[in-house]
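The structure appears right after this line, and notes come after that.
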Amino acid sequence: MPQAVSKSQFKPHSLEYFRKIEQSGEELVITDHGRPVLKVIRYVPDPEECFIGLRNTVLQYDNPLEPVGEDCWEALK
């Protein structure tokens, strides 16, 4: 869940929030009267870069719409 701050709270501390987002990569939601209006995220020049670690990790996916039972999870064994 991204952190949320009001516009009035964001304005005087914006550089601090920018540095925190840049270092941690966490998202920040800015609200106006309790309603989310903006989301600040770290810039990634190549969005595909986020998925490089996942390439070739799915070996076989026969029935994508079928639910997965607890007995199918390797981590639970």
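Each Cα pair under 8 Å and six or more residues apart adds its separation to the average, and for the chain the resulting relative contact order is 22 percent.
Using the rule -39500 (n - 2.57) for each DSSP H run of four or more residues, divided by the residues of the chain, the 222 nm mean residue ellipticity is -5000 deg cm²/dmol. Nonpolar atom fraction for the chain, defined as the carbon and sulfur part of the 1.4 Å probe accessible area, stands at 55 percent.
Please state, as a whole number in µm²/s, the translational diffusion coefficient that the Stokes-Einstein equation yields for the chain at 10 °C and 1.306 mPa s, with Rh defined as the Kirkwood radius across alpha carbon pairs. Present the calculation step by step, with values, prior to reporting the outcome.
Values: Rh = 16.2 Å.
The diffusion coefficient I find is 98 µm²/s.
Which angle between 0 and 90 degrees, to the nearest 10, do you get for helix 14-24 versus the longest principal axis of the chain when only C-alpha atoms count? Taking the Cα atoms of the chain, the angle to 14-24 is about 20 degrees.
Return a single number: how many Lys pairs in the chain, at a sequence separation of 8 or more or on separate chains, have alpha-carbon atoms below 22 angstrom apart.
Values: 7/20; 7/39; 11/20; 11/39; 20/39.
Total qualifying Lys-Lys pairs in the chain comes to 5.
Largest to smallest in accessible area, the residues 55, 42 fall in the order 55, 42 (1.4 Å probe, all protein chains included).
Find me the longest stretch of the chain that has none of the exposed GluC sites (Glu not before Pro), where exposed means in a DSSP loop (not H, G, I, E or B) with at most 15 other Cβ atoms within 10 Å. Free of exposed loop sites, the longest segment is 28-77. Only Lys, Arg, Asp and Glu carry charge here, each on its Cβ (+1 for the first two, -1 for the last two); on that basis the chain has a dipole of about 660 debye about its Cα centre. Over region 5-50, the alpha carbon radius of gyration divided by the compact-protein estimate 2.2 N^0.38 Å works out to 1.26. Here's how it looks for residue 4: its modeled amide H is under 5 Å from those of 29, which are all 5 or more places away or on a different chain.
The values are calculated or read from the model by the stated rules, or taken from the named source; none is laboratory data. Source: prediction; values computed, not measured. Positions of Cβ are backbone-derived with ideal geometry, glycine not excepted, and every protein chain shown enters the neighbour counts. In case anyone asks, the SASA skips ligands and DNA or RNA and just uses the protein heavy atoms, side chains included. Shrake-Rupley method; radii C 1.70, N 1.55, O 1.52, S 1.80 Å.
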